[in-house]
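Asks: Handing you this structure, nothing more for now.
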Amino acid sequence: MSTQTATALRVSQMIQADREAVFAAWTEPDLIKAWSCPPGASVVRSEVDLEVGGAYVLGMRGDDGASYTAFGTYREVVRPEKLVYTWDWEQSEHAVGETLVTVEFIERGDATEVVVTHERFPDAERTEGHRQSWTSCLAKLGTTLAGDEV
């Protein structure tokens, strides 16, 4: 499911894994590398200081060799229920200014619903681009945790 305004988006995905496993996949550097990039890219750098005020860096490389580095600071960490962190891109051509990501991990029986709210975008075009990326990343997270991907 997905909703969007000009400056905010909300995407959700049901993941067939328990909440602790999904939270770990979102917060442990080696696990992040398996899913946290859109098609046509791979994660080449993943650093996480998982505490309020701690920083993260997520470096990606596209199949075309282009580099993309997301970075931010954790504002809220409630294991295994919720993460809130800032988000922007190091490369000036991709920078959107400091945006805010909220990720909720909701128990749904033997599955976990992941709800991503990403807000404070400067325009609708950048909001839409991030909605597409989050949607593909969440699908890849589900596939990865289901064991369908190596």
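The values are calculated or read from the model by the stated rules, or taken from the named source; none is laboratory data. Everything numeric in this text was worked out from a predicted model, so none of it was measured. Cβ atoms come from the backbone with ideal geometry, glycine included; neighbour counts cover every protein chain shown.
Asks: Six or more apart or on different chains, Cβ atoms under 6 Å: show the pairs whose first residue is in region 70-84 and touching a residue at least 40 places away in the same chain (Cβ under 8 Å) and whose second is among the charged types (D, E, K, R) and surrounded by 15 or more Cβ atoms within 10 Å (Cβ to Cβ).
Replies: Partner pairs satisfying both residue conditions: Pro80/Arg19.
Asks: Run down Glu76, Glu149 and say which single residue is more than 15 Å from Gln13 (Cα to Cα), surrounded by fewer than 16 Cβ atoms within 10 Å (Cβ to Cβ) and at pLDDT 95 or above.
Replies: Checking each option against the conditions leaves just Glu76.
Asks: Looking only at region 9-41, count every residue that is modelled with pLDDT of 95 or more, assigned to a strand (DSSP E or B) and over 17 Å from Leu83 (Cβ atoms) and tell me the total.
Replies: Residues that pass the stated criteria total 1.
Asks: Name the single residue, out of those in region 89-109 being surrounded by 15 or more Cβ atoms within 10 Å (Cβ to Cβ) and not hydrophobic (A, V, I, L, M, F, W, C), that is modelled with the lowest pLDDT.
Replies: If we take residues in region 89-109 being surrounded by 15 or more Cβ atoms within 10 Å (Cβ to Cβ) and not hydrophobic (A, V, I, L, M, F, W, C), then His94 is modelled with the lowest pLDDT.
Asks: Could you check, for region 89-97, whether at least one of its residues is farther than 22 Å from Thr3 by Cβ, part of a loop (DSSP other than H, G, I, E, B) and polar (S, T, N, Q)?
Replies: Scanning region 89-97, I find at least one residue that is farther than 22 Å from Thr3 by Cβ, part of a loop (DSSP other than H, G, I, E, B) and polar (S, T, N, Q), so the answer is yes.
Asks: Check Val57 against each of (1) buried (at least 16 other Cβ atoms within 10 Å of the Cβ); (2) touching an Asp or Glu at 6+ places or on another chain (Cβ under 7 Å); (3) not basic (Lys, Arg) and name the one condition it does not meet.
Replies: Against the list (1) buried (at least 16 other Cβ atoms within 10 Å of the Cβ); (2) touching an Asp or Glu at 6+ places or on another chain (Cβ under 7 Å); (3) not basic (Lys, Arg), Val57 comes up short only on (1).
Asks: Of everything in region 110-128, what is buried (at least 16 other Cβ atoms within 10 Å of the Cβ) and assigned to a helix (DSSP H, G or I)? Give them in sequence order.
Replies: Arg126, Thr127
Asks: Check region 112-129 and report whether any residue there is at pLDDT below 95, on the phi < 0 side of the Ramachandran plot and among the basic types (Lys, Arg).
Replies: Scanning region 112-129 turns up at least one residue that is at pLDDT below 95, on the phi < 0 side of the Ramachandran plot and among the basic types (Lys, Arg).
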